[in-house]
Structures are given as structure tokens and as C-alpha cells.
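See below for the structure under consideration.
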Amino acid sequence: MAGLATAFGSGAMSNSMADVANYAASLLVIGSNTTEQHPVFGSMIRRAVRTRGLKVVVADPRRIDLVEVSVLHLRHQPGTDIALINGLMNIILEKGWEDQEFIADRTEGFDAFKAVVLKYTPEVVSEITGVPIEMLYQAAEILACNKPMAVIWAMGITQHTTGVRNVMDLANLQMLLGNMGVAGGGVNPLRGQNNVQGACDMGGLPNVYPAYQAVTIDAVRERFEAAWGAPMSPKVGLTVTEMIPAALEDKIRALYILGEDPVMSDPDVNHLKHCLEMCDFVLLQDIFPTETAQYADVLLPGVSFAEKTGTFTNTERRIQLVRKAIDPIGQAREDWRIISELAQRVLAEGKRQIGEAPYAGWDYAHSSEILAEVNALTPSYAGATWERLERGETFQWPVPNSGHGGTPILHIGKFARGKGLFAPIEDAPPAEMPDAEYPMFLNTGRVLYHYHGGAMTRRAKGLMEIYGQTRIEINPEDAQKMGLDGKQRLRVISRRGQIEAEAWITDRVPPGMVFGNFHFPADQNVNLLTNRALDPTAKIPEYKVCAVRVEVV
Ligand SMILES: Nc1nc2c(c(=O)[nH]1)N[C@H]1C(S)=C(S)[C@@H](COP(=O)(O)OP(=O)(O)OC[C@H]3O[C@@H](n4cnc5c(=O)[nH]c(N)nc54)[C@H](O)[C@@H]3O)O[C@H]1N2
Ligand SMILES: Nc1nc2c(c(=O)[nH]1)N[C@H]1C(S)=C(S)[C@@H](COP(=O)(O)OP(=O)(O)OC[C@H]3O[C@@H](n4cnc5c(=O)[nH]c(N)nc54)[C@H](O)[C@@H]3O)O[C@H]1N2
Ligand SMILES: [Mo]
């Protein structure tokens with residue numbers, strides 16, 4: 001789900017954090033709670049506002065902290081981003097603010113795209129999004145007339161059944177304004193987990209080998225078969241969100257879960273638990289016994305970042321070396337050692353059963369040997385060698401050879417696919433909308449003090465003192481209607497489950513919407529409520545919108 005493709009190529013920030021902070025004249029922050037979820041970049045943005053007058057426009061249903069330093073806050077209804085972006089582009093075309101030279105030289109598909117955008121007049125868009133017409137004009141002017149403009153986004157854009165199309169529409173906006181391949185511009189999805197960028201780059205996705213090379217292309221597959229000395233399947237595999245329900249159809253019978261806590265983080269957890277129970281065998285490799293551990297047959301103890309040496313690739317495509325601070329404790333081992341040993345044993349048993357000689361491979365002695373293999377098979381990582389990284393260098397990929405210094409800005413002069421493709425994108429509602437029985441929107445995400453399922457952060461005493469239980473954000477207007485007193489608890493009910501948690505009465509959320517997190521287990525986890533409807537392309541769940549009924553306990 002992490003490797004969303006755009007109109008130009010792989011899913012990664014086109015520009016760098018420092019580049020956006022230093023050179024953007026304006027910035028659209030859409031569906032990213034940057035100061036809480038990417039605090040390093042969040043403070044760079046705050047500083048850029050203070051020291052050089054960066055103009056920030058926030059597009060978010062919630063009044064996040066960055067709104068304090070923004071020039072404008074577009075508070076659209078959740079799930080209406082396509083209408084909003086199309087509306088801004090409609091005004092840009094009306095005013096003639098588009099970059100005609102860029103459109104002519106570097107893009108294709110403009111006419112079909114324009115025909116769709118023309119339908120999204122300010123009146124139509126204001127009706128769908130709830131944003132006043134006048135504010136749409138203000139936003140379009142700030143973003144189009146203060147160039148370069150950078151766009152940053154995170155899960156507020158992608159965790160929808162329209163996630164991929166939301167991203168494509170932001171790419172449309174940046175091509176329309178000619179903000180691609182320039183310092184201070186670009187399309188910048190902020191990556192979430194440590195090294196999720198690296199995991200995708202290495203082919204930790206069902207459809208590609210390292211460097212986003214498709215498993216379905218014969219020449220690519222043959223190259224990997226030759227390097228690895230084994231036949232490879234030409235079929236696209238399943239995403240996580242497809243594997244889980246496949247257990248019900250007997251298509252998946254065993255699961256090897258590594259560094260994930262799906263009982264906390266997957267949508268519709270009651271359903272997920274049922275799927276885990278249906279598996280014949282569940283193997284879990286984690287650094288703690290998590291909520292998911294109750295469903296596992298075997299636990300393998302991996303180690304944390306502090307106990308291993310290797311590379312991480314961060315949100316701005318920066319490959320950097322991490323050295324272990326301490327040796328693994330007790331029986332725990334580096335994840336790569338566990339994976340290698342497991343692979344060797346499985347392969348040995350397979351070869352024994354068919355009477356062949358044992359397979360020679362998976363016999364790395366050190367992470368530097370793994371990186372050497374990465375250098376050989378991953379064109380964008382070719383020049384990021386152990387020797388260079390050991391000297392203290394870091395590189396933003398692509399680093400095509402050992403004389404290359406890396407690529408801070410992508411798409412200068414040319415896109416990976418040649419011309420950038422404008423896509424006509426129509427608005428569509430979320431899979432589940434409020435109705436008479438479940439009249440409110442539930443929106444979900446994170447808080448500064450905790451990390452996902454909380455397996456790590458709920459073990460930190462200081463964090464638990466500051467934030468020790470789930471709090472449901474609810475607007476003062478709704479609280480008053482329900483007769484909610486600040487000290488009371490709320491029960492939140494969806495078609496799939498219910499939770500009980502403390503209320504936080506605040507205008508961070510608009511009337512008609514509550515917001516909660518998935519940091520605390522049992523009946524405090526919003527994932528008992530969320531909808532497992534998926535985006536048809538990326539298969540990401542619609543965590544950001546479902547319908548609920550809220551009661552005072
Ligand atoms: N402290 C902390 N930091 C983290 C994490 C953590 O758990 N804790 N997790 C990391 C990971 S893996 C990730 S993916 C990132 C996530 O980083 P973010 O995506 O910034 O975090 P979320 O809390 O999911 O919030 C997304 C924002 O989208 C808004 N939003 C909701 N619905 C919509 C909508 O329909 N449209 C728009 N435009 N906005 C919407 C929400 O109000 C919220 O401000 O954070 C990373 N950083
Ligand atoms: N409702 C709702 N649900 C969501 C989201 C949302 O916005 N709303 N966001 C989604 C997103 S974007 C994400 S990324 C997922 C995150 O979901 P998960 O990845 O399931 O969440 P984590 O709690 O980060 O789980 C990581 C696990 O890895 C373990 N771990 C840490 N370091 C290591 C290591 O080095 N080796 C091993 N083996 N294990 C390690 C931790 O102890 C933890 O148990 O949640 C998703 N779920
Ligand atoms: Mo994430």
C-alpha cells in the first residue's frame with residue numbers, strides 16, 4: 001500500500017525537506033498533520049514561515065496545529081479532496097494562471113483533463129466540500145501566484161477508497177502550475193514509518209522487484225532469476241489487505257507477520273481476528289509480545305534499530321547507515337539473520353524432499369554483504385556502497401554509480417515516463433457515509449505521543465503520564481446537543497463494533513465529525529469501528545471515513 005505510483009513514476013517525495021523549507025514561496029499541506037506526525041519537518045515549516053514568510057495553506061477537516069502559522073485553512077468535508085483540488089484548478093484556468101509552456105513541453109492529456117475540471121465550478125465545489133466560494137478563490141490565488149509552490153500530503157489523502165485518484169489529482173495541480181522539477185516545488189508524499197521508503201524500494205510490494213521493476217516483465221524477471229539462481233513467479237501477489245480476507249477462502253493458510261501488529265492497526269479488527277483464527281499457522285516476529293501475539297503459534301524475537309547495523313531510507317529518499325549501539329539481548333537476533341536461517345531451513349527441507357542437493361544461498365555474514373547485493377540489483381541504489389556510507393556520506397536515490405552524489409530533486413527536465421500525463425479525475429463519495437442510523441463521520445489517525453498500536457510507546461512511562469488513554473475529539477456544538485459534560489465518556493458505535501473512551505470537547509474537529517486513534521487496545525481502539533473498504537488500485541483501506549453513532553455513557 002505504501003508504493004503509490006503517480007503520473008510520473010514511483011511513490012516518493014520528488015523534492016527534499018530542506019528544499020521545500022528553503023525555496024518554496026507557498027505550500028499546500030493537504031491531509032498531513034505535519035507538526036505531530038513529522039515533527040522534524042513540521043518545525044522546519046514553522047521556521048520558514050517565521051524567518052522568510054513562507055505562505056502555508058492547510059486543507060484539512062481538522063484544525064491541526066499548523067493552522068496557527070497558515071495564511072488560510074480550507075476546512076473541507078472528509079473525502080472531498082478531488083472536488084476541492086478540481087475546484088482550485090478550475091479557478092486557476094479561469095484566471096489564466098496555468099503554466100502554458102510547461103503544459104505544452106512536458107505533458108500530455110491536457111484537453112481531456114481540462115474538460116473534466118471545467119465542470120467543477122466554484123459553486124459546485126463549495127456545495128460538495130462545504131468551503132465558501134470566496135475561500136476557494138483566495139486559496140487558488142495564494143498557491144498559483146506565489147511560486148514555486150510545494151504540495152505535501154500524508155494519510156489524509158491516501159487512506160480513502162479514492163486514495164490513488166486523490167494523489168493523481170495533486171500531480172495534475174503541480175503540472176498545471178509547472179511546479180515539477182524545480183527547487184521548492186514538487187509532489188511530496190511524507191512517508192510514515194522509519195524505512196517504509198526503503199522497504200518499498202527493495203521490492204517489499206506484491207508487484208515489483210527492487211527499484212520498482214515489475215515482476216510481470218520477462219527481461220526483469222530473468223535478471224533476478226539469474227542473480228538468485230532460482231525460478232521466480234511472474235504473477236502479482238497479494239497485498240496485506242487482500243491476504244487477510246483470503247484466509248476465509250482457504251487461499252491463505254499460514255501467515256508470517258514481521259514488524260506489524262494487525263490486531264491494532266488493521267481496519268475492522270473483529271473481522272481481522274476471525275481471519276487470523278482461520279489460519280492454520282501464524283508466525284510473528286516482533287520485539288515485544290503484542291496484541292497480535294495472542295493469535296500467533298510461534299513468536300520469534302527480532303531486535304530494535306539500536307541493536308542492528310544496516311541502512312534506512314527516509315522520507316526524502318535519503319539512504320543512510322545506522323550502526324548498532326548494543327548487541328542483541330538474550331535470544332533476540334537481527335531480523336535479517338532470522339529470515340536467512342528460516343529461508344535456509346525451508347529450502348533445505350524442500351530440496352531434501354525432492355532428493356536434490358542443498359541450496360547454497362542466504363548465507364550472508366554481515367549486512368554489508370546484503371548491501372553489495374542491493375548495489376548490484378537495484379539501479380537506483382547502485383552507487384550507495386558500504387564504503388561510501390561508512391565514510392559518513394548519505395545519498396538521495398537515484399545514485400546510479402559510485403561517482404554520483406545522489407538526486408535531491410526528481411523530474412528535472414523530464415519525467416521517468418517521458419511526458420507527464422494529465423488524468424481526468426472525477427469526485428466520488430466515500431464507501432460509507434453518515435445516515436439516519438449512524439449520523440456522524442468518524443475520522444481516525446494519530447497523536448504526537450504515541451506510535452500506531454502503541455506496542456512501543458505504551459511501554460514508555462513518561463508518554464503514558466502525558467497521554468494514557470484514547471481521547472475522542474468532539475466539537476462543542478455536538479457535545480452540547482448530547483448534553484455531554486467534559487468529565488464523561490463516549491460510546492462510539494459503527495456497523496462493525498463499538499468502543500468506549502474519554503471525550504475531548506474541542507473545535508479541532510468540525511460539527512458532525514469525531515476523531516479517534518488506534519494507540520490503545522481492547523475497547524478503546526477505533527479499528528473496531530473502521531471500514532475495510534479498499535482503494536481499487538493501491539488496496540489501502542478507507543481509515544479516514546466511516547459512519548458512527550455517538551452516545552454519552
Ligand atoms: N507521533 C507519531 N508520528 C507518526 C506516526 C505515529 O503513529 N505517531 N505514524 C507514522 C506513519 S506510519 C504515518 S503513515 C504518518 C501519518 O501522518 P499523517 O497522515 O499526518 O497522520 P494522521 O493522523 O493519519 O492524519 C492525517 C491528517 O489528515 C487529516 N484528514 C483526515 N481526513 C481527511 C480528508 O478527507 N482530507 C484531507 N485533506 N485531510 C484529511 C486529519 O485531520 C489529519 O490531520 O505519521 C508517521 N508519524
Ligand atoms: N484507524 C487507523 N488505522 C491505521 C491507520 C490510521 O490512520 N487509522 N494508519 C495505518 C498506517 S499508515 C500504518 S503505517 C499502520 C501501522 O501499523 P503497524 O505497522 O501494525 O503498527 P506498529 O504498532 O508500528 O507495529 C509495528 C510492530 O513492529 C515492532 N517492531 C519495531 N521495530 C522492530 C524491528 O526492528 N523488528 C521487528 N521484527 N519488529 C519491530 C513493534 O514492536 C510493533 O509491534 O497502521 C495503519 N492503521
Ligand atoms: Mo503509515
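Of everything in segment 329-369 that is touching an Asp or Glu at 6+ places or on another chain (Cβ under 8 Å) and farther than 21 Å from Ala199 by Cβ, the residue that is surrounded by the fewest Cβ atoms within 10 Å (Cβ to Cβ) is Ile329. Scanning segment 462-505 for residues that are part of a loop (DSSP other than H, G, I, E, B), among the β-branched types (Val, Ile, Thr) and surrounded by fewer than 16 Cβ atoms within 10 Å (Cβ to Cβ) yields a total of 0.
Any residue at all in segment 360-383 that is of a type in the set (D, E, K, R) and closer than 27 Å to Val182 by Cβ?
The answer is no; no qualifying residue exists.
Applying the criterion of being open to solvent by 60 Å² or more (accessible area, probe 1.4 Å) and hydroxyl-bearing (Ser, Thr, Tyr) to the residues of segment 402-461, the residue that is farthest from ligand 2 (Cβ to nearest atom) is Ser402.
Restricting attention to segment 130-162, the residues that are assigned to a helix (DSSP H, G or I) and either β-branched (Val, Ile, Thr) or outside the structural domain of Ile85 (by TED's automatic domain parsing) (or both) add up to 4.
Out of Asp250, Asp297, Asp280, I need the residue that is farther than 29 Å from Thr378 by Cα and modelled with pLDDT under 95. Which one? Answer to the check: Asp250.
Kindly establish whether Val116 is within 16 Å of ligand 1 (Cβ to nearest atom) and either part of a helix (DSSP H, G or I) or open to solvent by less than 40 Å² (accessible area, probe 1.4 Å) (or both). The answer is no for Val116. The listed residues are Asp297, Asp286, Asp261, Asp266, and the only one of them that is closer than 28 Å to Arg459 by Cα, assigned by TED's automatic domain parsing to the domain that holds Ile339, touching a Phe, Trp or Tyr at 6+ places or on another chain (Cβ under 6 Å) and open to solvent by 10 Å² or more (accessible area, probe 1.4 Å) turns out to be Asp297. State all residues of segment 222-244 that are open to solvent by less than 30 Å² (accessible area, probe 1.4 Å) and within 30 Å of Val269 (Cα to Cα); if no residue qualifies, say none. Scanning segment 222-244 gives Thr239, Thr241, Ile244. Being over 16 Å from Thr80 (Cα atoms), within 16 Å of ligand 3 (Cβ to nearest atom) and surrounded by fewer than 23 Cβ atoms within 10 Å (Cβ to Cβ) narrows it down to one residue among Asn188, Asn194, Asn146; which is it? Testing whether each residue is over 16 Å from Thr80 (Cα atoms), within 16 Å of ligand 3 (Cβ to nearest atom) and surrounded by fewer than 23 Cβ atoms within 10 Å (Cβ to Cβ) leaves just Asn194. Of all residues in segment 20-37, those that are within 25 Å of Tyr449 (Cα to Cα), among the small types (Gly, Ala, Ser) and crowded, with 23+ Cβ neighbours inside 10 Å total 2.
Being within 16 Å of ligand 2 (Cβ to nearest atom), on the phi < 0 side of the Ramachandran plot and not in a loop (DSSP other than H, G, I, E, B) holds for only one residue in Glu68, Glu36, and it is Glu36. Checking Val67, Val56, Val71, Val40 one by one, the residue that is open to solvent by less than 10 Å² (accessible area, probe 1.4 Å) and of a type in the set (A, V, I, L, M, F, W, C) is Val56 and no other. Here segment 175-185 is the region considered, the condition is being part of a loop (DSSP other than H, G, I, E, B) and open to solvent by less than 20 Å² (accessible area, probe 1.4 Å), and the residue that is farthest from ligand 1 (Cβ to nearest atom) is Gly181. Against the criterion of being at pLDDT 95 or above, open to solvent by less than 10 Å² (accessible area, probe 1.4 Å) and either assigned to a helix (DSSP H, G or I) or more than 11 Å from ligand 1 (Cβ to nearest atom) (or both), Ala219 does not qualify. For Arg165, the criteria (1) within 16 Å of ligand 1 (Cβ to nearest atom); (2) open to solvent by 50 Å² or more (accessible area, probe 1.4 Å); (3) in contact with a strand residue (DSSP E or B) (Cβ under 7 Å, 6 or more places away or on another chain); (4) outside any loop (DSSP other than H, G, I, E, B) hold in every case but one, which is (3).
Taken over segment 197-213, the criterion of being within 16 Å of ligand 3 (Cβ to nearest atom), open to solvent by 20 Å² or more (accessible area, probe 1.4 Å) and outside any loop (DSSP other than H, G, I, E, B) is satisfied by Ala199 alone. Among residues of segment 444-468 being touching a residue at least 12 places away in the same chain (Cβ under 8 Å) and more than 23 Å from Gly259 (Cα to Cα), the one that is nearest to ligand 3 (Cβ to nearest atom) is Tyr467.
The values are calculated or read from the model by the stated rules, or taken from the named source; none is laboratory data. The model shown is predicted, which means the values in this text are computed figures rather than measured ones. When we count neighbours, we look across all protein chains shown, and the Cβ atoms used for this are built from the backbone with ideal geometry, even at glycine. When the accessible area is computed, the model is the full protein with side chains, heavy atoms only, and any ligands, DNA or RNA have been set aside. Shrake-Rupley method; radii C 1.70, N 1.55, O 1.52, S 1.80 Å.
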